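**Q** Supplied in structure tokens, the structure appears directly below.
The values are calculated or read from the model by the stated rules, or taken from the named source; none is laboratory data. This one's a predicted model, so the numbers in the text were calculated from it and none came from an experiment. We place every Cβ from the backbone using ideal geometry, glycine too, and count neighbours over all the protein chains shown.
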Amino acid sequence: MNLRSVSLRTYLLAGILLPVAIVVLVNAVSLYRKTLQAVNTAYDRTLLASAKSIGEQLDVHGYDEDAQLRAIVPYSALEAFEADVQTRLYYRVSNLHGELISGFGDLPVWQGRIPAQPPYAALVDFYDTDFRNNQVRVAVLLQPVASPTGRGMAVIQVAETLELRRRLTRRILIDFLWQQVLLVVVIAMVVLYVVQRATRPVRRLSRELQARPEGDLTALPAADAPRELLPLVDATNEVMSRLAHLLENQKRFVRDTSHQLRTPLAVLKTQVQSALRGDVEPRQALHEIEDTVERATVLANQMLSLAKVEQLRQQADIQVSDLSEAVRNVALELAPLIADKDIDFDIETAPAAVNAHEWMLRELARNLLHNAVKHTPAGGTLSVRVLADAQAAALVVSDSGPGISAELQPRLFQPFSAGDVRSGSGLGLAICHEIVRALGGTIQLENREKDHRTAGLDATVRLPLADNPT
């Protein structure tokens, strides 16, 4: 049976009632044995009394080996010891040699021996045997007999059928079993009630989830949830929060893509139609088309980068990368742009291992450096520094551009918030902000003042160092 298909109620019932049933069975067997032993002890005392009563009816002539025993025991003398009409008593009196003196001659002669420590203050032995197709309990008493005319030893055997003993034992056992069955039923009812009460919050949460409209990923209420259920509720809310975040990013990506790509595609279509009609020279038309395609390509690549940042954020494996190495590689890639504007470029790096995917560090450095190169005037200065202290690594990019205007500063890191829509899509800083946030760091853009005027912009990124750098 598949345990996953078993309900909690059935699982608890089986887990509780099965051990209880085993304990009840073991107790029943133990009770039966102890009860039978107690009943045998009580009725054995009666058998011994019967044997002693017979011993009082004996007479002897002669001494020891020459002793002649006589017994006058009417069967009515044993009726007083019979518990009911179903119990039968049999007796046999013989000498030490097994010669019958009185009683039932077909009762087997005792062949045993008296225990070293008999249960009673008498030379008595008890044993079970078969007699006349019935199981019987036999008491054997070695009874000394004395009279004025002799002295001898008699062997008195009294046998009793076992119907009464067994019936009494069964009645005690059945009464015990009925009590235990009632106990098991009570336990089962209590388990069912407790499980029904304990699983009520689970059923309520299930109904609430089923009744939710599609796309509702708000947190589950956990105010009245049992303490044992709180980890499940918290984990579910965490998963739903991540799903809501992913869904929101997906919606934003689709919305921004459809909105931002529509304009360059419409411009591209107009330029192609204009070229086909001959409104502009072919070479000029191709240059215009090339510029539009270039802007659309940059826009698409940046939007894909923004989506990839979110994808890497969800990955469980954490890589350790060197921020200084990523910055140097990006600076080498952008060297042609720097040389083309004759920028006085300075770079200073120190080893700084951070928990980040290498692509994220390269994309972060590429966007910051590209923006700095774009806004630095020809012949200006641009410096890049990678520093590290005991807790964090810092990337500082300082250009000599015009800085950030007051109206643009409140929406710096919002997508499509470029200062000049003709020179960029406004996604570069948004990508940097998302990367830094995913890595648990901070980013700041501050105008650098000199002689009471803006001398450039300092972009400072701080990222936590890796715990175990390789």
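**Q** Anything in region 412-470 that is surrounded by 14 or more Cβ atoms within 10 Å (Cβ to Cβ), assigned to a loop (DSSP other than H, G, I, E, B) and at pLDDT 75 or above? List them, or say none.
**A** Answer for region 412-470, where residues must be surrounded by 14 or more Cβ atoms within 10 Å (Cβ to Cβ), assigned to a loop (DSSP other than H, G, I, E, B) and at pLDDT 75 or above: 439, 441, 466.
**Q** Give 32, 63 a once-over and let me know the one that is of a type in the set (Ser, Thr, Tyr), modelled with pLDDT of 80 or more and touching a strand residue (DSSP E or B) at 6+ places or on another chain (Cβ under 7 Å).
**A** The match here is 63.
**Q** While we're here: Scan region 436-461 residue by residue and report those that are under 10 Å from residue 354 (Cβ atoms) and not small (Gly, Ala, Ser).
**A** Hit for region 436-461 is 439, nothing else.
**Q** Restricting attention to region 128-155, and to residues there that are charged (D, E, K, R) and assigned to a strand (DSSP E or B), which single residue is farthest from the chain's Cα centre (by Cα)?
**A** Taking the candidates together, the pick is 151.
**Q** Quick check on my filter: what residues within region 348-389 are surrounded by 16 or more Cβ atoms within 10 Å (Cβ to Cβ), assigned to a strand (DSSP E or B), of a type in the set (Val, Ile, Thr) and over 41 Å from the mean Cα position of the chain (by Cα)?
**A** 384, 386
**Q** Please go through region 335-347 and pick out each residue that is in a helix (DSSP H, G or I) and either among the charged types (D, E, K, R) or under 27 Å from residue 465 (Cα atoms) (or both).
**A** 340
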